[in-house]
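Shown next, in C-alpha cells, is the structure this report addresses.
The values are calculated or read from the model by the stated rules, or taken from the named source; none is laboratory data. Owing to the predicted nature of the structure, the values given are computational and were not obtained by experimental measurement. Methodologically, a virtual Cβ is constructed for each residue, glycine included, from the backbone with ideal geometry; neighbour enumeration extends over all protein chains shown.
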Amino acid sequence: MATNSPNSQFRNSSIDPASGTFGRRNAARYVGGTVAGESHASIKSYVIGFVLSVILTAIPFGLVMNTGHYGFSIETVLAAILALAVVQVFVHMVYFLHMDRSVEQRWNVVAFAFTLLILVIVVSGSVWIMHNATANMTPGMSMGAEAVVPQR
C-alpha cells in the first residue's frame, strides 16, 4: 500500500477499510505468527542457542580427542555422542528454528514430524534391503543338498 493513499492511516489497524479483512498484524496471528520484518526471537535467545550448541559440540569433541576417553568405554562414548547429538537437534529446533508448542508453530512441528517419519521409513527400508542383499549374496552361505559346488 502506498504511503500517499487515502487509507495509509489504517496500515497497521485491526481492520482494513478497503477490503474489510483483518489488518497485517491480526492476520499474522493466524498465518505464520509474525509480520514481515518482525523478529521471532531476541538476541538473547540466539546467544543462548549458540552457547548451548558450542557446549554440545565441545563435549563430544573432548571425549573423542582424549585417547583415554576419560576412563569411559568406547560404547559409552558413542552413546554419549549420540545422546548429545539428539539434544543438539532439539536446541537448534527451539532456539534457531523457533519451533515450540504454540499454536502458530503447530503446522511447522507437524511438517517436521512427517519429515522425520519419512526419513525413518526410507533409512530403515534401505538398511533392511542392504542387509538382505548381503545375506543372500555372501559366498559360503548354506546351500541345499541339490546345489552344485564348483570343483577346482
Item checked: Single residue of Phe61, Phe112 found to be touching a residue at least 12 places away in the same chain (Cβ under 8 Å), part of a helix (DSSP H, G or I) and either touching a Leu at 6+ places or on another chain (Cβ under 7 Å) or aromatic (Phe, Trp, Tyr) (or both) -> Phe112
Check: Out of region 100-124, which residues are over 30 Å from Leu63 (Cα atoms) and among the aliphatic types (A, V, I, L, M)?
Finding: Val103, Val109, Val110, Ala111, Ala113, Leu117, Ile118, Ile121, Val122
Notebook entry, point to check: Only one of Tyr30, Tyr46 is in contact with a helix residue (DSSP H, G or I) (Cβ under 9 Å, 6 or more places away or on another chain), at pLDDT 85 or above and among the aromatic types (Phe, Trp, Tyr); which?
Noted result: Tyr46
Next item on the list: Answer yes or no: is there a residue in region 105-112 that is surrounded by 10 or more Cβ atoms within 10 Å (Cβ to Cβ) and more than 26 Å from Ile43 (Cα to Cα).
Entry: yes
Next item on the list: Give just the number: which of (1) surrounded by fewer than 15 Cβ atoms within 10 Å (Cβ to Cβ); (2) more than 25 Å from Phe112 (Cα to Cα); (3) at pLDDT 90 or above does Thr67 not satisfy?
Entry: (3)
Note to self: For the structure I just gave you, tell me whether Val86 is at pLDDT 50 or above, in a helix (DSSP H, G or I), surrounded by 14 or more Cβ atoms within 10 Å (Cβ to Cβ) and not aromatic (Phe, Trp, Tyr).
What the structure shows: no
Notebook entry, point to check: Val123 is checked against (1) surrounded by 10 or more Cβ atoms within 10 Å (Cβ to Cβ); (2) at pLDDT below 85; (3) not basic (Lys, Arg) and fails just one. What number does that condition carry?
Noted result: (2)
Notebook entry, point to check: Regarding Ala80, is this residue at negative phi, part of a helix (DSSP H, G or I) and exposed (fewer than 13 other Cβ atoms within 10 Å of the Cβ)?
Noted result: no
